Amino acid sequence: MAQLKSVAFKKGEVPQAREPLAVQEPLPEGSGRSFPPVSVPACQTLIDVRGGEASFAHVFQHFNWKENIMGGGSTLASYEDGRAEQRFAELKRALATCRHYEGEGYAGPFEATVTTQASPEYGEEAVTFREIVPMGPENGGDRNEQFVVVRTGNTIATFSELSIGKDLFFPPEVITRQVERLRNAQRP
């Protein structure tokens, strides 16, 4: 975890973000709120991989953007040799079939639609998709979250950008810098 924290962004490194840029470790097992699995097993796999589940270690970083009050975040997950490739293959298989699921979150039950987007050129492998949860016009529009998931060596980094009623994107230059740090940290 210490190595993942060391490659995460520090104060002043992301000018679009409000400070502080804290790095958070996962809550100890059993201490956080848990939710039942979502209605479609392939979609649960997608959620698990993007959240760093089954990784050797993972950390989270939240970004409160100056231009988007909803913000974004990243998860940096480290895996034992070969396991990142395996988990990324599971993610790609899940994306091939996960189109719609029902689940429960902090605000209660929800329905989500998953749409894939053109794959970016990051790391060794990358995918992009959106999860859209209808909220209705009285709430400003649909909850729209973009995910960019990148595998670099034995790590999988997930970048998310949340918006309401519009399609916003996680800043590509921040993804590029983070992926480069992950790559450099794994070089002998």
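Considering only P37, P171, P28, the mean-square fluctuation computed in a Gaussian network model of the chain, springs between alpha carbons under 10 angstrom, is largest for P28.
Once the chain from I69 to A22 is taken as fully extended at 0.36 nm per residue, the excess over their C-alpha distance is 15.2 nm. When shorter helices are ignored and each DSSP H run of at least 4 residues is given -39500 (n - 2.57), the per-residue value for the chain at 222 nm works out to -7500 deg cm²/dmol. For region 7-81, dividing the convex hull volume of the Cα atoms by the residue count gives 131 Å³ per residue.
According to the calculation over all Cα-Cα pairs in region 55-146, the P(r) per 5 Å bin from zero is 3, 10, 15, 21, 23, 17, 8, 3, 1, 0 %.
For region 145-188, pairs of C-alpha atoms spaced more than 12 angstrom apart make up 61 percent of the total.
Taking max minus min of the alpha-carbon positions on each principal axis, the chain gives extents of 51, 37, 35 Å, largest first. Model label points for E173 and E124, set 7 angstrom from Cα along the Cα-to-Cβ axis, are 2.9 nm apart. Geometric descriptor of region 94-188, per residue, is 113 Å³ (volume of the convex hull of the Cα atoms). For the chain, the number of Lys pairs separated by eight or more positions or lying on different chains, with C-alpha atoms closer than 27 Å, is 6.
In this calculation the C-beta distance from D81 to M1 is compared with R0 = 25 Å, giving a FRET efficiency of 0.90.
Values in this text are rule-based calculations from the coordinates and carry no lab data. These numbers were taken from a predicted model, which means no experiment stands behind them. When we count neighbours, we look across all protein chains shown, and the Cβ atoms used for this are built from the backbone with ideal geometry, even at glycine.
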